[in-house]
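Student: I am attaching a structure below and will ask some questions about it afterwards.
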Amino acid sequence: MSDLVEVIDTNNKGIDVLSIRKEFPVLHQEVNGKPLAYFDNAATTHKPARVIAALKAYYEQDNSNIHRGAHTLASRATEHYELTRTRIKEFINAPSAEEVIFTKGTTEGINLVANTFGKKFIREGDEIIISTMEHHSNIVPWQMLCENNNAILKVIPIFNNGELDFEAYKKLLSPKTKLVAVVHASNALGTVNPIKEMIDLAHEQGAKFLVDGAQSTAHLSVDVQELDCDFLAFSAHKLYGPTGVGVLYGKRELLEAMPPYQGGGEMISEVRFEKTTYNTIPYKFEAGTPNIADVIAFEQALSFINDCGKENIQNHESYLLGYATKKCATIKGFEPVGTANDKVSVMSFNVRNTHPFDVGMMLDASGIAVRTGHHCTQPLMDWYGIEGTVRASFAVYNTTEEIDRLYESLVRIAKRNN
Ligand code: PMP
């Protein structure tokens, strides 16, 4: 496999993009006769070779069901599976590994909280606060809960630049607020919300706070003890790890007070026809055989991130975002959507007089992968009065040379209709 992209990293001294790229087999290919430039990282990141190798090694050497077996393969698989839990505890600085629950992804983590915490603690007339920029997975579970429990959903407005209206948030909070569920970093706009201040204010009213960390965990250092959040949900596949694995962190006293999510094997202590007692956390929330191979491989994604250094990743991505935003702003007809002061590496935009989908197709013809559409944030798109955007989102392996190609293609596309 040859590296088709000539990359000279002159921007970031802390990171060697060239050798990082060598770890990602998928990057070294042509798409439509051009070297692939992958800017769809907010949807999912690519996987380094060590993650792919861990998946293969598990199936070739250790394949076994975990926690139950008395044999060597089962204990090896269990050890590796639980090692990932410990690494996640370190990654988010959770007080203990028992507060780390494996899920399918962010979506399942949020649904778990809605169906357990929500079922037990949200009553008629209680209020749940979300924001205008939430992903559908942080809207619909709360709508369903409100419908079931006769609770009320309140929505924090935003400003045109994509920042939350903090004063409006303060006004929405009251003793009726039982839960606030807000995205740390918006997948559609890139906005980083002042989550710590928001959590402190919610706690003053006695409300719990769930952080949607699907995007922020990939770009920022997220420390659950420093934030003092009650729940944090995120997905491995946006963190250079496999699909089908996610994490729900929850504070011990809450997880212990919450009823189980699903019934089945693993989540029980004793089962009798008369009565079943449940396992301790985290197993109480992990019914059935989990996604063992992908959880194990996730550990290698965390090792990749640690080797790069979270701060180096952040610096490199913020350099790329600044470079792209400044360069593309010079294009006639380039209309950025989301210009908050504090952003992760998401550049959302439209090209005047051109449908976002057409922009995406034309970029694809040049080997450039972006996402187009509503990004699972339809209410946000409605708020802006647009159908969707084109989104270029940058990861640690992206380069300014790739952004130059994006810029040149956009110049050509914008010229057609402007
Ligand atoms: N929240 C945000 C902010 C996201 O970006 C995403 C994924 N696009 C999700 C939630 C849902 O994540 P998943 O599909 O991995 O469950």
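Read the figures in this text as sums done on the coordinates, not as results from a lab. No experiment lies behind these values; they were computed from the predicted model shown. Here the Cβ is made from the backbone with ideal geometry for all residues, glycine too, and neighbour counts use every protein chain on show.
Student: By how many nm would the segment from Lys310 to Lys171 lengthen if fully extended, with 0.36 nm per residue of separation less the alpha-carbon distance? All intermediate terms of the calculation are to be shown ahead of the outcome.
Tutor: Values: separation 139, 0.36 × 139 = 50.04 nm, distance 3.52 nm.
Taking Lys310 through Lys171 to full extension adds about 46.5 nm, to one decimal.
Student: Using only Cα atoms and rounding to the nearest 10 degrees, what angle (0 to 90) does helix 292-308 make with the longest principal axis of the chain?
Tutor: Roughly 50 degrees between the two axes.
Student: With each run of n ≥ 4 DSSP H residues scored as -39500 (n - 2.57), what mean residue ellipticity at 222 nm is computed for the chain after dividing by its residue count and rounding to the nearest 500 deg cm²/dmol?
Tutor: Details: 15 runs with 164 residues, N = 418.
My calculation for the chain gives -12000 deg cm²/dmol from helical runs alone.
Student: Quick one: if the Förster radius is 41 Å, what FRET efficiency do Ala369 and Gln225 give, using the C-beta to C-beta distance and rounding to 0.05?
Tutor: 0.65
Student: Can I ask one more? Describe numerically, in nm with one decimal, the distance between label points set 7 Å from Cα along Cα→Cβ at Ala70 and at Thr289.
Tutor: Once both label points are built, they end up 2.1 nm from each other.
Student: Give me Rg/Rg_expected for the chain, where Rg uses Cα atoms only and Rg_expected = 2.2 N^0.38 Å with N residues.
Tutor: Rg over 2.2 N^0.38 Å, computed on Cα atoms: 1.01.
Student: Something else now. For the chain, take the longest principal axis of its alpha carbons; what is the angle in degrees between that and the long axis of helix 356-365, to the nearest 10 within 0 to 90?
Tutor: Around 70 degrees separate the two axes.
Student: For a quick check: with amide H placed at 1.01 Å from N, whose amide H comes under 5 Å from Ile152's, ignoring anything fewer than 5 positions away on the same chain?
Tutor: Result for Ile152 returns Gly125, Asp126, Glu127, Ile128.
Student: Where Lys and Arg each count +1 and Asp and Glu each count -1, what net charge lies around Ala395 among other residues with Cβ under 10 Å from its Cβ?
Tutor: Numbers: positive: Lys238; negative: Asp40, Glu317.
Summing Lys and Arg as +1 and Asp and Glu as -1 gives -1.
Student: To continue, here is another question. Between segment 318-358 and segment 27-67, what's the alpha-carbon centroid distance in Å?
Tutor: One Cα centre to the other: 28 Å.
Student: Follow-up question, since we're still on this one. Any chance you could list the semi-axes, whole Å, largest first, of the equivalent ellipsoid that the Cα gyration tensor gives for segment 71-118, using √(5λ)?
Tutor: Semi-axes (√(5λ), whole Å): 24, 14, 9.
Student: Let's see if you can work this out: charge +1 on each Lys and Arg Cβ, -1 on each Asp and Glu Cβ, no other charges. What is the dipole magnitude of segment 188-345 about its Cα centre, in debye to the nearest 20?
Tutor: That gives a dipole near 520 debye.
Student: Further question: Could you order the peptides 233-240, 327-334 from most to least packed, using the average number of other C-beta atoms within 10 Å per residue? If you can, show how the numbers build up before the last one.
Tutor: Values: 233-240: 27.5, 327-334: 15.9.
Going from most to least packed, we get 233-240, 327-334.
Student: Place a +1 charge on the Cβ of each Lys and Arg in the chain and a -1 charge on the Cβ of each Asp and Glu, then give the dipole magnitude about the Cα centre in debye, rounded to the nearest 20.
Tutor: That gives a dipole near 540 debye.
Student: Counting Lys and Arg as +1 and Asp and Glu as -1, what is the net charge of the other residues whose Cβ lies under 12 Å from the Cβ of Ser174?
Tutor: Numbers: positive: Lys154, Lys170, Lys171, Lys176, Lys178; negative: Asp126, Glu127, Glu204.
Net charge in that neighbourhood comes out at +2.
Student: Let me ask something else about it. So how tilted is helix 106-121 from the main axis of the chain? Cα-based, degrees 0 to 90, rounded to 10.
Tutor: The angle comes out at about 40 degrees.
Student: Roughly how big is segment 132-219's charge dipole about its Cα centre, with Cβ charges of +1 (Lys, Arg) and -1 (Asp, Glu), in debye to the nearest 20? Write down the numbers at each step before the final one.
Tutor: On the way: 7 positive and 9 negative charges, 50 e Å.
For segment 132-219, the charge dipole is close to 240 debye.
Student: If the chain between Leu83 and Ala43 were fully stretched, how many nm would it gain, using 0.36 nm times the residue separation less the Cα-Cα distance?
Tutor: Values: separation 40, 0.36 × 40 = 14.40 nm, distance 2.65 nm.
Length difference between fully extended and current span is 11.7 nm.
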